[in-house]
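Undergrad: After the structure tokens below, expect a handful of questions from me.
Each reported figure results from applying straightforward, stated rules to the coordinates on display, with no laboratory input. Since the model is a prediction, treat every value here as computed from it, not as a measurement. Cβ placement follows ideal geometry from the backbone for every residue including glycine, while neighbour counts extend to all protein chains displayed.
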Amino acid sequence: MFFDAHLDLAWNAIDWNRDLALPVHHIRAVERKQGLQHKGRGENTVSFHALRQGGVFTFVATLLARTVRETQMPAFRRYEHMEAAHAAAWGQLHYYKAMERQGHLRPIRDAKELGAHLASRGDRQPLGYILSMEGADPVLTPDELGEWYDAGLRVIGPAHYGPSPYAHGTGTVGGLFPAGPALLREMERLGILLDVTHLADQAFDEAMDLYNGPVLASHHNCRALVPDQRQLSDEQIKRLIGRGAVIGAAFDAWMLSPGWIRGETRPETAGVTIATVVDHIDHVCQLAGNARHVSLGTDLDGGFGREQSPADLDTIADLVKLPPLLKARGYDDDAIHAICEGNWARFFTDAWRGK
Ligand SMILES: [Zn+2]
């Protein structure tokens, strides 16, 4: 069983117009038939069927609707104004609600719901999701956060690629913007958890100083192995461990292999496989001195497909290849369970119980 802390399901369903109720190969065929050429088109790896096949019964699912900012990521649809991002994110939220009504998904909003989901999961049960927001661009002002919380939002990453209205993000240099501290204070008051993934280094430091609640890094790899600001430095990893955080290892090959050029490098030629993800998992475990602070945040179908995923991964169901690879590195069954699922289950349970 797996717990994946980062999947952009609604964004795939709406912005990429993918019917996630179909098997992966069917979604690929639809896109190829339509002649779609953007990156990742016809190469997707995630659908509800593939999640079930792989035993990924619990995950964090995002709202992703960002405004126009300097970024090298043309695949991301960017809204010209925050009001559009706001409305788009509410639209994405209603996609999840529709999937609940159809029996595909079940919302997890507190420790009790998480415990009940983990105890009852099975082939006939809905997949469980915790709602998060990647980039706080849809939040017009921090005082509307209560409304988002009531609708189920439990995690926010204030920035994405480029700056958001609240903080500097990936690929930029700087800290929080003037609206950032008020956002963090309101998140803390409501119990919305802080996801530090995508924060620029200075913004990471400032957010960690200001926010006193539980923190996580939903989809983040190690800068020691792939030198880029998108990854966490050892110092940042140690600071997160000190706060009881869990870090989700990402399966984006650009974040796994140094020197990867999007659209050019291929996983086979770069030698990127699921074992490469294990290198990043192991690095966090070595820094922590245990296996309690790392888990999964695959980010599969997060703007890329098979062309930018580990070469031995066809769909997310191939996560089943991970436990034997961890075993081969010397991890025992308890550690493997913790990495695949247990650490996120503990993190969210403790965070919601105020531990
Ligand atoms: Zn991301």
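Undergrad: Mind checking which residues of region 84-141 are away from the ligand (no atom under 16 Å from the Cβ), part of a loop (DSSP other than H, G, I, E, B), touching a strand residue (DSSP E or B) at 6+ places or on another chain (Cβ under 7 Å) and hydrophobic (A, V, I, L, M, F, W, C)?
TA: Selection gives 108 alone.
Undergrad: Looking at (1) closer than 22 Å to residue 352 by Cα; (2) within 14 Å of the ligand (Cβ to nearest atom); (3) surrounded by fewer than 24 Cβ atoms within 10 Å (Cβ to Cβ), which one does residue 217 not meet, given that it meets all the others?
TA: Of everything listed in (1) closer than 22 Å to residue 352 by Cα; (2) within 14 Å of the ligand (Cβ to nearest atom); (3) surrounded by fewer than 24 Cβ atoms within 10 Å (Cβ to Cβ), residue 217 misses just condition (3).
Undergrad: Conditions first: (1) among the hydroxyl-bearing types (Ser, Thr, Tyr); (2) away from the ligand (no atom under 16 Å from the Cβ); (3) surrounded by 16 or more Cβ atoms within 10 Å (Cβ to Cβ). Residue 166 passes all but one, so which condition is the exception?
TA: (2) is the only condition that residue 166 fails.
Undergrad: Please go through region 149-163 and give me each residue that is within 12 Å of the ligand (Cβ to nearest atom) and either charged (D, E, K, R) or free of Cβ contacts under 8 Å to residues at least 40 places away in the same chain (or both), ordered by number.
TA: Listed by number, the list is empty, since nothing qualifies.
Undergrad: Residue 230 versus (1) within 16 Å of the ligand (Cβ to nearest atom); (2) of a type outside the set (Ser, Thr, Tyr); (3) over 18 Å from the mean Cα position of the chain (by Cα): which is the lone unmet condition?
TA: Unmet for residue 230, out of (1) within 16 Å of the ligand (Cβ to nearest atom); (2) of a type outside the set (Ser, Thr, Tyr); (3) over 18 Å from the mean Cα position of the chain (by Cα): (3).
Undergrad: With the condition kept exactly as written, say whether any residue in region 183-205 is farther than 27 Å from residue 342 by Cα, surrounded by 23 or more Cβ atoms within 10 Å (Cβ to Cβ) and not hydrophobic (A, V, I, L, M, F, W, C).
TA: Among the residues of region 183-205, not one is farther than 27 Å from residue 342 by Cα, surrounded by 23 or more Cβ atoms within 10 Å (Cβ to Cβ) and not hydrophobic (A, V, I, L, M, F, W, C), which makes the answer no.
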